[in-house]
1. May I ask you to list the residues in the range 315-364 that are within 15 Å of Ile383 (Cα to Cα) and among the small types (Gly, Ala, Ser)?
2. Which of the residues belonging to the range 65-77 are free of Cβ contacts under 8 Å to residues at least 24 places away in the same chain, part of a helix (DSSP H, G or I) and over 24 Å from the mean Cα position of the chain (by Cα)?
3. Kindly indicate the residue of the range 436-450 that is touching a residue at least 60 places away in the same chain (Cβ under 8 Å) and not β-branched (Val, Ile, Thr) and also surrounded by the most Cβ atoms within 10 Å (Cβ to Cβ) among those meeting that condition.
4. Have a look at Val216, Val190, Val204 and point out the one that is touching a residue at least 24 places away in the same chain (Cβ under 8 Å) and over 15 Å from the mean Cα position of the chain (by Cα).
5. Just to be sure before I move on: is Tyr430 closer than 30 Å to His157 by Cα and crowded, with 24+ Cβ neighbours inside 10 Å in the structure I sent?
6. Within the range 251-282, how many residues are in contact with a Ser or Thr (Cβ under 8 Å, 6 or more places away or on another chain), within 24 Å of Ala192 (Cβ to Cβ) and surrounded by fewer than 17 Cβ atoms within 10 Å (Cβ to Cβ)?
7. Does Thr244 satisfy the condition of being of a type in the set (Ser, Thr, Tyr), farther than 27 Å from Val443 by Cβ, modelled with pLDDT of 90 or more and more than 25 Å from the chain's Cα centre (by Cα)?
8. Just checking, does the range 129-147 include any residue being surrounded by fewer than 21 Cβ atoms within 10 Å (Cβ to Cβ), more than 16 Å from the chain's Cα centre (by Cα) and outside any helix (DSSP H, G or I)?
Amino acid sequence: MKYVKFIVPVLVPVAILLSPAPAGLSIAAWQLFAMYIAAILGLVLRPASEPVVLLVVISVSSLLFGNLDVMLSGFSNGTAWLVFTAFMLAQAFMETGLGMRIAYILIGKFGKTTLGLGYVAALTDLVISPATPSNTARTGGVVYPIFRSLAVTLDSHPGPSARRIGGYLTLLLYQISLITAAMFLTSQAVNALIATFAKSILNVNVTWLSWAQANVVPGLIILFVVPYLVYKLFPPELKRIENTEISRSGLAKIGATTRREKILMALFILALIGWATGSITKINPTTVAICFVTACLVTGVISWDSLLNAKGAWSTFIWYAAIISLAEGLAKAKFFVWCSDYLAHHISFVGYNEYVVLFGLLIISVVSRYFFASSAAYVTSFIPVLYSLGMVANVPLIPLTYLMGASAAYSALLTHYGNAVAPVLFGAGYVDQKTWWMVGAAVNVLYVIVYMAIGLPYWKAIGLY
């Protein structure tokens, strides 16, 4: 397998390059497609880390085809910078301890029962999700450590005592993490990539506000149901908690609210206002994010050295911008137009209701996630296919955009490997694989029902399409 991981991402694009370009497609587009496939296979098989894979693709493509400008175009893309700066916001939340403080305050206010604690976990993750495009950092690095410590304090450990409370919290936090990941453009890194594909393939302009409008209402409905659903499917033995003492000791350990936390909270509220009112103020969401980071640096909330140490941000920026370069290059070379025309000549949707087709594409999107161990690999390889099929079927493009976009997050719940935060939580040892998969499937059924039965009429009612 070690050699396969290296050989396949090389042999497949070489085979593509040695084949003649299909009729109607330029040689430059065919070459970019080969490089795109190399990138996807590299992201799926991971012979090296994502940034290394994409740097290799950039190097080979620039050297062989002289398209350096195309391969670097994504590094000036506002979407790539939005994701990069949002990682910096997450760094500020973790460094100042504001995320932990919010969690302990909510535990003290609403955590008297285990079920109530589940809703505290949901609210905590929701509050900080717009500022953390890595749900691995958000849930795995900020939220879960608090609630796992709480489980240990309540004598719940992996093994015989897991069902006391630790298993419920661990399983629930994974569901919550992917629900909030779908709700904001900046709450999961690949969301912005989905927005890029929507623009390139469907010519749908996705903004921070439009993404929130589409996903917050169905997302909140699901987020409200899931703590109770998991509570019933995997009930904890412990029902009531001494939350006041846990909150008090946790806050005492953190100490008094610092000047940095107060400034960060004020700046975060201003950033949310800036993102939400972008359609009125005409201020680009990336501009808002960059101004936020700049204000954090100027006011001393975070230092430049701490930003330099945010390895996840820099790594994501490299591979993410490179993928955008490839996607934009393919769009400019009319590859997606050609792809849609090709599919239109070989697949017929005549006689099928457009909403039946949307439902079918949604089911395909969800089920296919069993074969992907990375959200990035899924989005880069499968979302363009689903968008192209939707165009061929002539379905409404706005519902197509957001249904497939949300599925990129929700469908990762099916397995314990579908998203990077899954191994962190599953690896804690509180929940068995069968339960993990069963609950994830149940939440995906809920997601499909809510988005099709409530989401679509809601989008129609607010004039989204």
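The values are calculated or read from the model by the stated rules, or taken from the named source; none is laboratory data. Everything quoted here is computed from the prediction, not taken from an experiment. Neighbour counts are summed over all protein chains in view; Cβ atoms, including those assigned to glycine, are modelled from backbone coordinates with ideal geometry.
1. Ala327, Ala331, Ser340, Gly360
2. Correct list: Leu68, Asp69.
3. Keep residues of the range 436-450 that are touching a residue at least 60 places away in the same chain (Cβ under 8 Å), which gives 436, 438-440, 442-444, 446-448, 450.
Add one more test, that the residue is not β-branched (Val, Ile, Thr), and what stays is 436, 438, 440, 442, 444, 446-447.
On the way: Trp436: 22, Met438: 13, Gly440: 23, Ala442: 17, Asn444: 21, Leu446: 18, Tyr447: 27.
Within the range 436-450, the match that is surrounded by the most Cβ atoms within 10 Å (Cβ to Cβ) is Tyr447.
4. Result of the check over Val216, Val190, Val204: Val204.
5. Judged against the criteria, Tyr430 is a match.
6. 1
7. Criteria not met by Thr244.
8. The answer is no, given that none of the residues of the range 129-147 is surrounded by fewer than 21 Cβ atoms within 10 Å (Cβ to Cβ), more than 16 Å from the chain's Cα centre (by Cα) and outside any helix (DSSP H, G or I).
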